[in-house]
Each structure stands twice: as C-alpha cells, then as structure tokens.
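As structure tokens, the structure follows; a few thoughts come after it.
The values are calculated or read from the model by the stated rules, or taken from the named source; none is laboratory data. Because the structure is a prediction, the values reported are computed rather than measured. Note that each Cβ is placed from the backbone with ideal geometry, even for glycine, and that neighbours are counted across all protein chains shown. Side chains included, ligands, DNA and RNA excluded: accessible areas come from the protein's heavy atoms. Shrake-Rupley method; radii C 1.70, N 1.55, O 1.52, S 1.80 Å.
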Amino acid sequence: MPVKRSRPQTEARFRQAVLEIVTRAGCAEVGINTVARHAGADKVLLYRYFGDLDGLWQSVAESRHWMPDPEAVLAGRPTDAHAGEVLHALADAVRRYAEDDPVVCRLLAWRKAVSNPLTNRFNEEWAGFWQAAGGILAQSGDTENRLRWNAACQAAALFVEAEICGESTDRRCFEAISNGLQSPPPAGNPLPATETVPPDTLPTNLL
C-alpha cells in the first residue's frame, strides 16, 4: 500500500530544511535543489506547496517571531537603575537571546547582505524591538528624552549586532550614550514612542 503523503508535515520539513541550511551555511546556500535534498522531498512538491523559493522564504518568515517581547525583556529591570545600567542590561538580554538561537545569530549576520522575505521580516522585527524598547524606557511628556532614548536603543542595537558578528566593540561608549538620559520609569508602565529615529541611524551628538 502506498504511503499517504501529509502536506503539513512535508511543508514543515521544507521550512525546517531552510532553517538548518541558514544555520549551517547562511542564506546564500538556500536554493530549491538544496532545500529539497535536505528535506528528503521532491522539489516538485516545493513548487506545488509554496509556488517558488520566495514563497518558501515567506512561509518560514511567518512561522514564528524572531525577536522577544520588549516589555517582557524589560519587565525585570530595577526601578532605581541608572540609564546606562539599563542599556547594558538590555543589550546583554538581547545578546543572550540571539546566542541561544543559532538562526537569529545567522540572520543578524545576513540581514543586510541579502534581501528575501525572511531577512526582510527579521529586519522589521529587529527595528521594531529597539523602537519599542525606547518607548518603554522613555519618560512621559518629554519629547527630547524620548528621542534620546530611541537613539540610545538604536546605538545598543548596533553594539549587540557587532558583538554577535564578532566585531570589535567598546562598551564604555554606553556611558557617553546614556549621558543626559532620564532614568526610565518603573517597570510595568510602558509608554509608546511617538518620535522615532530611523533604524541604524544615530544623531551626531550621540556618536
């Protein structure tokens, strides 16, 4: 009796194959033939289920969240911590999260090198995380401080990305970045950011 094919299981094998290839060799090695061979399935099924490679990338991109909840990450911060200490703790938490997830580590290395639905989704979540963190840490009603917190979180993002990618960094710069920032409000009372700094861009007065 022929084995009955399960489409959901085969789709999951294709998605898992993409993640394993990305983890092992990077995004550039992901191709129709490579994925099909790694998944142990006919590439005809890949085309049938996803349309093309971009369709498979899109399915992988939508299969999970790639960044943690910023409110959860910041929930345990001390209420009397200095702004610089909070930035250090935030950067450390995100670095640990990335180091515990090999796919996230690889996506950090590839997010600017290639453009596909997965790296695009990751870039959106990466930028959104740091923007939301800046809003949570900013004091209410102070436009300048919200802008400074957004810029400080963007700087922390650059440091985390550099550290994960093995580049040389000096965290003493965090002290300069946090200079002039108001201490964050108590945990559990997040505030939305209404002014944002473009991702990966810092004002010159904070460099």
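Note on the stretch 8-66: enclosed helices (runs of 4 or more DSSP H) holding 3 or more residues that are in contact (Cβ under 8 Å) with a residue 40 or more places away in the chain and under 18 Å from Arg111 (Cβ atoms) are 53-61. Which one is surrounded by the most Cβ atoms within 10 Å (Cβ to Cβ), of the residues in the stretch 1-36 that are among the small types (Gly, Ala, Ser) and within 14 Å of Ser63 (Cα to Cα)? Here the answer is Ala17. When Pro70 is tested against (1) crowded, with 17+ Cβ neighbours inside 10 Å; (2) over 16 Å from the mean Cα position of the chain (by Cα), just one condition goes unmet, and that condition is (2). Scanning the stretch 129-143 for any residue that is open to solvent by 60 Å² or more (accessible area, probe 1.4 Å), farther than 23 Å from Val103 by Cα and modelled with pLDDT under 80 turns up at least one such residue. Is at least one residue of the stretch 37-52 among the hydroxyl-bearing types (Ser, Thr, Tyr) and open to solvent by 20 Å² or more (accessible area, probe 1.4 Å)? Yes: the stretch 37-52 contains one or more residues that are among the hydroxyl-bearing types (Ser, Thr, Tyr) and open to solvent by 20 Å² or more (accessible area, probe 1.4 Å). Scanning the stretch 112-162 for residues that are among the small types (Gly, Ala, Ser) and part of a helix (DSSP H, G or I) gives Ala127, Gly128, Ala132, Ala133, Gly134, Gly135, Ala151, Ala152, Ala155, Ala156, Ala157, Ala162. Could you please let me know if Leu108 is without any contact (Cβ under 8 Å) to a residue 60 or more places away in the chain and either under 27 Å from Asp54 (Cβ atoms) or of a type in the set (A, V, I, L, M) (or both)? Yes, satisfied.
Counting only residues that are without any contact (Cβ under 8 Å) to a residue 60 or more places away in the chain, under 11 Å from the mean Cα position of the chain (by Cα) and over 15 Å from Thr23 (Cβ atoms), the stretch 94-105 holds 1 of them.
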